[in-house]
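Presented below is the structure to which this report refers.
The values are calculated or read from the model by the stated rules, or taken from the named source; none is laboratory data. What you are looking at is a predicted structure, and each value in this text was computed from that prediction instead of being measured. Quick reminder, even Gly has a Cβ in these numbers, built from the backbone with ideal geometry, and neighbours come from all protein chains shown. Note: accessible area is taken over every heavy atom of the protein model, side chains too, but ligands, DNA and RNA are not part of it. Shrake-Rupley method; radii C 1.70, N 1.55, O 1.52, S 1.80 Å.
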Amino acid sequence: MDCPTCEAMVEPYLDGELPAGESVRFEAALEACPDCRGKLDRLRGLRSLIRELPAERAPDLMRARLERELRAAIPAAAPLVESAPSPTPGSAATPSPRLWSRRSAMAASLLVALGAGWVGGRYTGQDGSRETDELLAGYLRVGLGDRPVDVASSDQHTVKPWFAGRIDYAPPVYDLTSAGFPLLGGRLDVLEGRRIAVLVYRRNQHRLALSLWPATASGDTAPVVSEQDGFAIARWRHAGFELRAIGDIAPKDMSVFAASIDKAMEAGK
Amino acid sequence: MSEAPKPDGQAVERFRIVMLPHLDAAYGFARWLTRDPIEAQDVAQEAMLRALRYFHAFRGEEARPWLLRIVRNTWTDMRTRRSLEKVPLDEADDVVEPGPDPEQSALAGDRRREIARALAALPEEVREVLVLREIEELSYKQIAAVLDQPIGTVMSRLSRAREKLAVALGGRLGKE
């Protein structure tokens, strides 16, 4: 093998694109060709430099936006019945209804490996839905099985003090087991650049995240519950706090939850 | 061209299983194409939605090259659209400012930063080939499918890309 032939094979060899027989011939030729050996070494060095670059991960805010779109792509809300085993791809099985919780669990599982980095810090939603996006992204982190809460306790006297020193206000914490919403714990999140307290509750198999922070406006407002892509979101102001609750539950359950929080806040005054 | 059928629940579910695992790859490729983290999100997100729309045409070939091809086409289209719209320059937020971004500065050490900068500075035609080969680790055939180019073109661009990058990183490579 002459050098030009040999040289033309260096890159395909490096890239694993030579047929087995050719590889053997090339390796034999390489013995006699210091120039091509040098070239191969340099290319290997270049490769290892490039592969030092850390892998990119899709930002979780982007995943949350995508998740919303995927939910919106499904024509109607799936009924809440236990799903059949997933049909194998390509089979002609009838569409199987899925549990919302299962769906969000899948979405959430995608978030498991993500760090807390807020890469999309510059992002602002075109439709003013940035707060919703952030709530949803936060909720998907709550929904993930790994570590839904930073402090896991159904005891409000454990959860409340945990926030001390972590955020600059003391959130009211109530267990609502008697109303059907047991407290699971608390966590920190970031909403529009601010560190906030998030309380996580359970409703049957579903989780709710209640974000709350001191209100700058005064006066209470009644909870407004909206439904978006399978999530119920409640927004209201009560007893000096802005409250946002999000969960993959029915809007009427969300109304019950919001009313229960208000009641507990009143009783706790 | 006929309207794509609207995906049903089952198609969306299959899409999650088949395509969503490649979201990081889609975003990563978009990062190297756009060289901007925010724009990359837009491209990757738009590409995922296109992929969902055309998922009925997916015939069980390899998912990642299929998706990356859509990412590339999406980027090409978005850029074309933008240049047609002649976006006024005073929309400063949309203008990609070269310079360190939070992720870049978080990269450990000058060395990686230098490599990233050199790679990002390559002309797009050769940059994308090199990224697909060395970072996405696609085969020549897969790269040819992503770029819709013959394998010979892939090989010659890859060769040029390596030459250019080696020159740019000369100092790093020179050390024995």
Heavy atoms only, probe 1.4 Å: what % of the accessible area of segment A:3-50 goes to carbon and sulfur, would you let me know? 54 percent
Filtering trypsin sites (Lys or Arg not before Pro) in segment A:140-227 by DSSP loop and by at most 13 other Cβ atoms within 10 Å leaves A:166
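Hey, what's the Cα Rg ratio for segment A:3-50 versus the globular rule of thumb, 2.2 N^0.38 Å?
1.07
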What share of all Cα pairs of segment A:154-245, in percent, falls into each consecutive 10 Å distance bin? 16, 48, 34, 3
Using a 1.4 Å probe on heavy atoms of the protein chains only, the accessible area for residue A:260 in Å², nearest 10, reads 20 Å²
When only DSSP loop residues count, what GluC sites (Glu not before Pro) in segment B:46-85 have their Cβ near at most 14 other Cβ atoms within 10 Å? B:61, B:62
Taking the solvent-accessible surface of protein heavy atoms with a 1.4 Å probe, what is the per residue accessible area of segment A:3-50 in Å²? 52 Å²
What part of the accessible area of segment B:18-84, given as a whole %, is carbon or sulfur when the probe is 1.4 angstrom? 50 percent
Based on the Kirkwood radius over alpha-carbon pairs, what is the Stokes-Einstein translational diffusion coefficient of segment A:226-269 at 25 °C with 0.890 mPa s viscosity, in µm²/s? 228 µm²/s
Checking an interface number: how much accessible area is buried between B and A, summed over both chains, with a 1.4 Å probe, in Å² rounded to 100? 4500 Å²
Given 0.36 nm per residue, what is the gain on full extension from residue A:190 to residue A:8 after removing their alpha carbon distance, in nm? 60.1 nm
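From the gyration tensor of the Cα coordinates in segment B:1-84, what semi-axes in whole Å does the equivalent ellipsoid have, largest first, with each one equal to sqrt(5λ)?
22, 15, 10
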For a quick check of your reading of the filter: which trypsin sites (Lys or Arg not before Pro) in segment B:1-68 sit in a DSSP loop and have no more than 14 other Cβ atoms within 10 Å? B:59
Hey, what does the equivalent ellipsoid look like for segment B:109-170, semi-axes from the Cα gyration tensor as sqrt of 5 times each eigenvalue, largest first, whole Å? 22, 12, 8
Long-range amide H partners of residue A:167 with built H, under 5 Å: none
Expected output for segment A:26-59, residues with a loss of 40 Å² or more in accessible area relative to the chain alone at probe 1.4 Å, reads A:46, A:49, A:50, A:51, A:52, A:53, A:54, A:56
Compute the distance in nm between two label points, each set 7 Å from the Cα along the Cα-to-Cβ direction, one at residue B:61 and one at residue B:73. 1.0 nm
